[in-house]
Amino acid sequence: MYQFMKDDFPASSLLQLTSLLNFKSNFSDLFACLAASFVMSGRVKSRQGGSSAVLEQATLSINERILKECHTLYTDSDKGLVRIAEEVGLNLLAPRKKITVILIGNHSAGKSSFINWYIEEHVQRTGVAIETQGFTFVTSGRKRESLTGNATLHLYPHFKPLQEIPGVVDYLNTEISTSKQKKFSLVTFVDTPGLVDGDMKYPFDVNESIEWLGELADLIFVFFDPIGQALCKRTLNLVEQLNIRHPERLRFYLSKADEAGTESDRQRVMMQIVQELCKRPGLNKTGFDMPTIYIPNPNKLVRCVNQIEDVCKDIEKTINQTIQNTLNTLEKDCEKIAQIVDKQIEDDNNAKSYNLRASGKGIMFMLLGLIIPLMLIINFMVSNASRELLVSLLGENGADMLRFYLSPIRQFWDLVPEESHLTTLMVLIGLSVVLLGLARWSTRLKPTLSRSQKRRLADHREFVQTVVKAKKKTLYQDYLQQSVAEHDL
């Protein structure tokens, strides 16, 4: 073969042909390598995406995982409790995955400094001047990021009604931190504007905004600083309003206690604050507590007792209570859905029974309403027809039988005087109309569920009673295993 090609083609042509074949071979190898690398890169990316999700799940604490899974049970697009509740006419709110802590007080009270200390990252500006002019949400996330007003409301949809207060949206922002210190992954801090008396003008109604936020907060920290502004009337008025609705959420702290001077100076400041609070009936209560806190500084020797760790314990206690309340609410919502489904199925069965009885009554009234005029017409036709015609149409036996069954109507009609025939006829026609009207009124049926709708309701009931409740029981066990021995469960 090679000899034949060599004899028929010149050497230059053979060289070109060989080069072309080598190029095609190399090109096919290159294409195969590119395809293989593309497939492998897709696999690597998918593996990286899956591994990142697994890594994120593995880094979650037990409490984080419990709150996250509870939130998923409500918000799942296919079998979420919120969607199931909407189908049965119940309005449910998905639980939040974090608690909300609002910090209020006069300007330079140490609110931003406390947040920076708690998360061990400088995300909020601090200083003697009014640094926080709006509301700042400080939360944990995957990377450091700052969000503006609209993005903040998109991140926290349950805060969207806040935009109804004029001017607030422009002064909303969110600081996302990657810190995992303390319990920050389960907390969202809301830093509020510093409150001052006098002619200070705010670009929005700060009192109304803070009172509204207090409705959604789990904890409300009130910081009183000992340097001149502890008795700010705006702060005290706002605290009094918050105390009317949610006194159990309020916590009072004497911040910057290390700057109050000597111990006697601190005691004097605390007495002044307590006296001012006691002047207000809503705040005058037994068991009032106002711990002294300040940001620890290892380079500064302070003899004042620092109870800032008690603040962390209070946050942790609230987190634990929130987890318990979330799990308890989950079970209650399942019971509500199951009860509503049972009620709807029972109502549907009752409606079907009612419709069956109503249909029977309607058919009976309709037959009566049709029989009366029909019998009168047949009697009139038979009375005016000759016997020969009836025999030819029905036969001898048929004609006799027809006359026999119509004899009561004929006797009744003979009893009616001739001058009253028209009146009697009108009365009988009116009676027929009434009976037909009763038939129409009786057949007004109640709406019922289709078989598919009824089956879907039964599936929802089984899902919440078996799957969701079983998941709730497992989550409760995981939560209790953190503090209770296994043999006690």
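The values are calculated or read from the model by the stated rules, or taken from the named source; none is laboratory data. The structure displayed is predicted, hence computed values, not measured ones. All Cβ positions, even for glycine, are placed from backbone atoms using ideal geometry, and neighbour counts span all protein chains on display. Quick note on the areas: whole protein, heavy atoms, side chains included, nothing else; ligands and nucleic acids left out. Shrake-Rupley method; radii C 1.70, N 1.55, O 1.52, S 1.80 Å.
Need one number: nm distance between label points at LEU93 and ASN350, each 7 Å from Cα along Cα→Cβ, rounded to one decimal.
Each label point lies 7 Å from its Cα, and together they span 3.2 nm.
Under 5 Å between amide H atoms, partner at least 5 residues away or on a different chain: which partners does LEU195 have, H built in plane at 1.01 Å?
For LEU195, the qualifying residues are GLY105, ASN106, HIS107.
Arrange the residues VAL416, VAL433 by how much accessible surface each exposes, largest first, with a 1.4 angstrom probe.
VAL433, VAL416
Just the number, please: carbon plus sulfur as a percent of the accessible area of the range 101-186, 1.4 Å probe, no ligands or DNA/RNA counted.
Accessible surface attributable to carbon and sulfur in the range 101-186 totals 49 percent.
Cut-off under 17 Å on the C-alpha distance; same-chain residues fewer than 8 positions from LYS256 excluded. Which lysines are left, in chain and number order?
Answer for LYS256, where 17 Å is the Cα cut-off: LYS111, LYS300, listed by chain and number.
So, counting K/R as plus one and D/E as minus one, what does the shell of residues with Cβ under 12 Å around GLU259 add up to?
0
How large a share of the accessible area of the range 264-367, in percent, is made up of carbon and sulfur atoms when the probe is 1.4 Å and the other protein chains stay in place?
52
Return, for the Cα atoms of the range 355-456, the radius of gyration and Dmax in Å, separated by a comma.
When restricted to Cα atoms, the range 355-456 yields Rg and Dmax of 20.1, 66 Å.
Keeping every protein chain present and rolling a 1.4 Å probe, give me the accessible area per residue for the range 113-222 in Å².
With all protein chains present, the range 113-222 gives 45 Å² per residue.
Taking Cα pairs under 8 Å and at least six residues apart, what relative contact order does the range 348-489 come out at, in percent?
Dividing the mean separation by the residue count of the range 348-489 yields 45 percent.
Rounded to the nearest 0.05, what FRET efficiency do GLU211 and ILE62 give with R0 = 35 Å and r taken as the Cβ-Cβ distance? Could you check?
Efficiency for this residue pair is about 0.50.
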